[in-house]
1. Run lengths n ≥ 4 of DSSP H only: what is the helix-derived mean residue ellipticity at 222 nm for the chain, with -39500 (n - 2.57) per run over all residues, to the nearest 500?
2. For Rg/Rh (Cα atoms, Kirkwood Rh), the listed values are [x] 0.95; [y] 1.06; [z] 1.32; which was obtained by calculation from the structure presented?
3. Using only Cα positions of the stretch 150-242, each an equal point scatterer, no hydration layer, compute I(q)/I(0) via Debye at q = 0.13, 0.15 Å⁻¹ and quote the log10 values to two decimals.
4. Can you find, among GLN156, PRO203, PRO240, the residue sitting farthest towards the positive end of the charge dipole of the stretch 150-242, where Lys and Arg contribute +1 and Asp and Glu -1 at Cβ?
5. Each label point is 7 Å from the Cα along the Cα-to-Cβ direction; what then is the distance between the points at ASP190 and ASP175, in nm?
6. Residues with amide H under 5 Å of ILE34's amide H, sequence separation 5 or more or different chain, H placed in the peptide plane at 1.01 Å from N; which?
7. Give the distance, in whole Å, between the Cα centre of the stretch 190-243 and the Cα centre of the stretch 54-89.
8. I need the phi-derived Karplus couplings for the stretch 48-55: 6.51 cos²θ - 1.76 cosθ + 1.60, θ = phi - 60°, integer Hz, Gly and Pro marked x.
Amino acid sequence: MPRKILNALLWAALVLTVTTPVMASVVMLNTRVIYPGDAQSETLQFTNNDNIPYIMQIWSDKNNPASTPDNADGPFMAVPALFRIEPRTGQSVRLFFTGKNLPQDRESVFYLNFVQIPPKNMAKAQNQMVVVLRNRNKIFYRPKTIIGSVDDVVNQIHFSVKEERGNVQLTVINDSGYYASFISADVIADTQKIAFPASMVAPKTQMLWVAKNSRLSSKPLKVKFTLVNDYGGHTSAEAPLKN
């Protein structure tokens, strides 16, 4: 096999996808992008915390973790999409919305990918592994016409619970026009706590979560839950339960 092809295959095999920038040398200022529907563009800030330069490549997709710049289908364009970032410096990137015909009464979600590629000379040493690190963050397209404030999402989430076939089922209803990104959700019944596999719930939809092989020892009282806010922080709240 030609050396160039082998190197390309090895390079592709070493690409790692992460959802947080903890492992990365190059990080983005925020863990998510909020793109107002009436914005001309949004500015993304990147910082290289390493002592070596990197080549950065940025693209967006609709919901394809295996996307590449060649098949990117997200309605956003980064300028510049390919650039070199020097050691211990920052770089600004403009993000432009290029889509159309999105719902105007609720958010839409897309994904921002950025890859940091180390210098080629790092791979010259024998048996040295070079990792091309890929980060993947959410982009929330937020129309100005959504009714209600994003800060009021916690009051527009409702829960109901029931037992079925040895499992406890929690139905989550998001009546707001915003995505509800759950970190955790626990049903509290007196001294009992049942944790559920929480996830993101789209606006104006509902989702069923199941705690397998569990039972309610008494009448459930409430749900304690935690959401991710616009700044990547956590907002905790409680809500009553319906049977």
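1. Working: 1 runs with 11 residues, N = 243.
Computed mean residue ellipticity for the chain: -1500 deg cm²/dmol.
2. [y]
3. -0.39, -0.52
4. PRO240
5. The modelled label-to-label distance comes out at 3.1 nm.
6. Amide H neighbours of ILE34, under 5 Å, 5+ apart: PHE140.
7. 35 Å
8. Each residue of the stretch 48-55 in turn: 9, 8, 9, 9, 10, x, 9, 9 Hz.
Rule-based calculations on the coordinates, nothing more; no lab input. The structure presented is a predicted model; accordingly, all values stated were derived computationally and were not measured. Neighbour counts run over all protein chains shown; Cβ positions are idealised from the backbone, glycine included.
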